[in-house]
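The values are calculated or read from the model by the stated rules, or taken from the named source; none is laboratory data. Since the model is a prediction, treat every value here as computed from it, not as a measurement. Here the Cβ is made from the backbone with ideal geometry for all residues, glycine too, and neighbour counts use every protein chain on show.
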Amino acid sequence: MELRDIEIFLTLAEELHFGRTAERLHITASRVSHAIKKQERRIGAPLFERTSRTVRLTALGRQLREDLLPARQQIQQALDRAVAEARGITGELRVGYSTPWCADLVLRAAETFRGRHAGCTVAVGEIQFDDPFGPLRRGELHLQVSELPSGEAGIADGPVLFREPRALMVPAAHAWAERASVSLEDLADAPLITPRGDIPQAALEIHLPIRTPSGRLIPRGPRYTFWSEVPALVAAGLGVSVVAVRAARYHDRPGIAFVPFRDGPTLDYGVLLPSSGPSPAARAFIDNIAPHLPPT
């Protein structure tokens, strides 16, 4: 069985549809049908059960698929390693992240990347809010997945990977904790907990605004260096914090509540790169992110 015929068989075994298989492989449906019939003649038994509406694997077809999948994976890994060597995808790739949900995405992408580029290691680390872009600007990181925009000279914003609605983390005893939603105007009535460090103005206006949409001043509460400080400060009644709605699944604890905003922009997350452009390894890593994006 030729490699192309193996690929046709495995793709059809996944799609169970001749038209979609042909589309994926950029061939005609008749080419798919011809290849499968040739394989069945060589083996001497049907690999698929076909009706006018459905295509299903036979027991023999399922066994052949299970036997062939590891071999295809080994071939693909060998080809990926050869391509990686040719493109210079070797050494160490350093990737940063800003939130636990970005960490999940980066770590899943790193696992896929390592399987395809065995000659390149991936070091993953958390970015601290008091210096959110310094490691990338100083060359300590090759890329990071975090909030956009950066508003930082020397750093290029990549495309948005996913968007998150916002929520307000408030003390559980606060009257707002019982609300169905809050507004950006409400921020004028509670101190906003903010990170230490110099935040670029573009990022500040989006993530930590100084005024509400109507122009009311938003008071500042305590400042923090590490995110783990924020839930404790909120639980102590010292302020509130603007977060992604998803944060409730990662940071919930006694003494705090999460109330969604009914207005305002989303929190947008994407890849940040040096303005000089991505290295071959960074570009290959970015290609591995899309299949692991959270559901919208």
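Consider Arg262 carefully, then state whether it is free of Cβ contacts under 8 Å to residues at least 12 places away in the same chain and either in contact with a Lys or Arg (Cβ under 9 Å, 6 or more places away or on another chain) or surrounded by fewer than 20 Cβ atoms within 10 Å (Cβ to Cβ) (or both). So Arg262 does not fit the description; no. Contact map, segment 64-82: first residue farther than 15 Å from Ala284 by Cα, second residue modelled with pLDDT under 70, Cβ cut-off under 6 Å, separation 6 or more or different chains; the map is empty.
In the set Gly215, Gly237, Gly255, only one residue is of a type in the set (Gly, Ala, Ser), outside the structural domain of Cys102 (by TED's automatic domain parsing), on the phi > 0 side of the Ramachandran plot and free of Cβ contacts under 8 Å to residues at least 60 places away in the same chain; that residue is Gly215. Provide a single number: the residues in segment 148-181 that are assigned to a loop (DSSP other than H, G, I, E, B), assigned by TED's automatic domain parsing to the domain that holds Arg253 and aliphatic (A, V, I, L, M). Residues in segment 148-181 being assigned to a loop (DSSP other than H, G, I, E, B), assigned by TED's automatic domain parsing to the domain that holds Arg253 and aliphatic (A, V, I, L, M): 3 in total.
Select from segment 262-285 the residues that are within 19 Å of the chain's Cα centre (by Cα) and part of a loop (DSSP other than H, G, I, E, B) and write down the one among them that is modelled with the highest pLDDT. The extreme case among them is Thr266. Suppose the filter is among the basic types (Lys, Arg), in the same structural domain as Ile75 (by TED's automatic domain parsing) and not in a helix (DSSP H, G or I); does Arg53 pass it? Judged against the criteria, Arg53 is a match.
A single member of Gly158, Gly255, Gly197 is more than 21 Å from Gln128 (Cα to Cα) and small (Gly, Ala, Ser), and it is Gly255. Among the residues of segment 192-226, the ones that are in contact with a helix residue (DSSP H, G or I) (Cβ under 8 Å, 6 or more places away or on another chain), within 24 Å of Ala257 (Cβ to Cβ) and in a loop (DSSP other than H, G, I, E, B) come to 6 in all. Scanning for something touching a helix residue (DSSP H, G or I) at 6+ places or on another chain (Cβ under 6 Å), within 22 Å of Arg246 (Cα to Cα) and at pLDDT 90 or above, does segment 114-122 turn up at least one residue? Checked against the condition, which is being touching a helix residue (DSSP H, G or I) at 6+ places or on another chain (Cβ under 6 Å), within 22 Å of Arg246 (Cα to Cα) and at pLDDT 90 or above, segment 114-122 yields no hits at all.
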